[in-house]
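A quick write-up on the structure given underneath.
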Amino acid sequence: MTRFKTLRDFDFSGKRVLVRADLNVPMQGGAVSDATRIERFAPTAAELAGKGARVVVLSHFGRPKGRDESQSLRPLVAPLAKAIGRPVAFAADCIGTEAKAAVDGLRDGGVALLENLRFHKGEEKNDPEFAKSLAALGDIYVNDAFSCAHRAHASTEGIAHILPCAAGLSMQAELDALGKALDHPRRPVAAVIGGSKISTKLDLIGNLVSRVDILAIGGGMANTFLYAKGISVGRSLCEADMAETARRIMADAETAGKQIVLPVDAVVAGALTDSAGAETVPIGRIPAGKMILDIGPLSVAETLRIFDGAHTLVWNGPVGAFEHAPFDAGTTALARGVAERTKTGKLLSVAGGGDTVAALAKAGAVDSFSYVSTAGGAFLEWLEGKELPGVAALAVR
């Protein structure tokens, strides 16, 4: 894990501090419908302001093609001010005279939000001149947007090479949690990997097989592994053309002394909408006309029994069609089992990915995991073992 400076390493009093946040929050009817990202960012802004910094918040919103007022950050001023507990000024641009005027107007402890970075093509192109224009507005750069760290953009990577830089509180918490989970974990390490297709998670599986001790595979991708072992999966989602890849993964794991855990029973039905026709059957007895839509209770019990021997766990992807009852039962039971082991101190648990967060929330287990990342793509790329440009740029030089 990259060595980086934190908010403890600078005297921010009177300094203009450019803070990269991820305020790309969902909106409905012009209002924020989920303020999670704002709430996670607020402590960084509040601490900087409390230390006398002049806080200048940078963020993108949506995917505008040039200036688009429907994707302005202006509606976020009020919810951001509420979360921080301080007034927030707004600039109608993120560079140029309007941005400079807003920054120049700040007093120590003041906060300003600048307009959507992506109104400028230079942001996503990581244009050096655009990065210099942003850097001219500040004295210190703080990145608190781990969810954007897999993108080498001007505000996430370019600017960090111009100004003294540090990780914000949310970024620091994320990097600390991820470091404990895979970079220097307490072993044995277990992982839960769900999702529909092996083909979309080859890099992830390949990296985890080399780094964890126990790999539990669920969701649609488990069907391909079962098929590769010669087990009939009926009408289930299955990538038959990936069977050889699945066999190679299992062989590599066995050679390395790693344990791959597959379902021993499954909840099946004729269709995703056929809740009334759902039944639980042993793996190996999947009816020809039905499909696997969840892991069964024996699979949950066996997986949790195996996890009793682990000290660290990472989770990405639900193990069933959790959006539809009763096919959410397996994911819910497994999540609650991991949560209980975390609460008793037996397990350090780190989870992430959009569907994963939604599934854990549905199970009421989010607050009981050691850390749940809302970073999406950045979390997945970290699990895949890829370098994240926005993190690498913070490295102590």
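The values are calculated or read from the model by the stated rules, or taken from the named source; none is laboratory data. Since we're looking at a predicted model, the values are computed, not measured. Here Cβ is always computed from backbone atoms with ideal geometry, including for glycine, and neighbour counts include all displayed protein chains.
Would you please list the contacts, defined by Cβ atoms under 6 Å and residues six or more apart or on different chains, that run from a residue in region 252-270 that is assigned by TED's automatic domain parsing to the domain that holds Ile306 and free of Cβ contacts under 8 Å to residues at least 60 places away in the same chain to a residue that is part of a loop (DSSP other than H, G, I, E, B) and among the small types (Gly, Ala, Ser)? Taking only residues 6 or more apart or on different chains, the pairs are Asp265/Gly296; Ala266/Gly296; Ala269/Gly277; Ala269/Ala278; Gly270/Gly277.
Among the candidates Leu208, Leu134, Leu113, Leu215, the residue that is part of a helix (DSSP H, G or I) and under 25 Å from the mean Cα position of the chain (by Cα) is uniquely Leu208. So the check is Cβ under 6 Å with 6+ separation or different chains; which pairs have a first residue in region 227-245 that's under 16 Å from Val267 (Cα atoms) and a second one that's part of a helix (DSSP H, G or I) and hydrophobic (A, V, I, L, M, F, W, C)? Close Cβ pairs (under 6 Å, with a partner that is part of a helix (DSSP H, G or I) and hydrophobic (A, V, I, L, M, F, W, C)) amount to Val233/Leu226. The single condition from (1) crowded, with 22+ Cβ neighbours inside 10 Å; (2) hydrophobic (A, V, I, L, M, F, W, C); (3) over 25 Å from the mean Cα position of the chain (by Cα); (4) part of a helix (DSSP H, G or I) that Ala101 fails is (1). On inspection, Val391 fails the criterion of being of a type outside the set (Lys, Arg), outside the structural domain of Ser236 (by TED's automatic domain parsing) and exposed (fewer than 15 other Cβ atoms within 10 Å of the Cβ). Screening His161 against (1) assigned by TED's automatic domain parsing to the domain that holds Ala301; (2) surrounded by fewer than 22 Cβ atoms within 10 Å (Cβ to Cβ) leaves a single unmet condition, (1). Of all the criteria given as (1) under 19 Å from Gly219 (Cα atoms); (2) in contact with a Lys or Arg (Cβ under 9 Å, 6 or more places away or on another chain), the one not satisfied by Ala351 is (2). Among strands (runs of 3 or more DSSP E) entirely within region 270-352, having at least 1 residues that are polar (S, T, N, Q) and more than 18 Å from Gln259 (Cα to Cα) singles out 279-282, 348-352. Checking Leu76, Leu80 one by one, the residue that is assigned to a helix (DSSP H, G or I), under 29 Å from the mean Cα position of the chain (by Cα), in the same structural domain as Gln28 (by TED's automatic domain parsing) and within 21 Å of Ala167 (Cβ to Cβ) is Leu80 and no other. You will find that of Ser275, Ser232, the residue that is surrounded by fewer than 21 Cβ atoms within 10 Å (Cβ to Cβ), modelled with pLDDT of 95 or more and either more than 27 Å from Thr342 (Cβ to Cβ) or not assigned by TED's automatic domain parsing to the domain that holds Gly330 (or both) is Ser232 and no other.
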